[in-house]
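Working notes, beginning with the structure itself.
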Amino acid sequence: MPTKQEKIAQSWFKGRGVGVKNKTKPVSVLLPAELDSIIRSMENRSEFIREAIVEKLEREGLAGRHN
């Protein structure tokens, strides 16, 4: 049975994105100041950014549905 510390470590270092593995390298971008402040004010900004990217890729016909 895992110790309390082991349970915490397992949840801290777990990939959070849908289909994201722990060893996946993050993608980062610089945004104009106005967009940056909007994104940073969001509570769920990573999820929002992931969904926006998937939506754009689907619209462009570059990816299928990823749910």
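Here, each number is a calculation from the coordinates, and none is a lab measurement. Computed from a predicted structure; not experimentally measured. Positions of Cβ are generated from backbone atoms using ideal geometry, with glycine treated the same way; all protein chains shown enter the neighbour counts.
With r as the distance between the Cβ atoms of Lys23 and Phe48 and R0 = 22 Å, compute the FRET efficiency 1/(1 + (r/R0)^6) and round to 0.05.
0.40
Amide H to amide H, which residues 5 or more places from Ala63 or on other chains are under 5 Å from it, using H placed in the peptide plane?
Residues meeting the criterion, in which the H sits 1.01 Å from N, are Glu58.
Please arrange Arg50, Arg59 by counting, for each residue, the other beta carbons lying within 10 Å of its beta carbon, fewest first.
Details: Arg50 18, Arg59 9.
Ordered by Cβ neighbours within 10 Å, fewest first: Arg59, Arg50.
Just grab the label-to-label distance for Glu34 and Arg59, each label 7 Å out from Cα along the Cβ direction, in nm (one decimal).
Label-label distance for Glu34 and Arg59, simple model: 1.8 nm.
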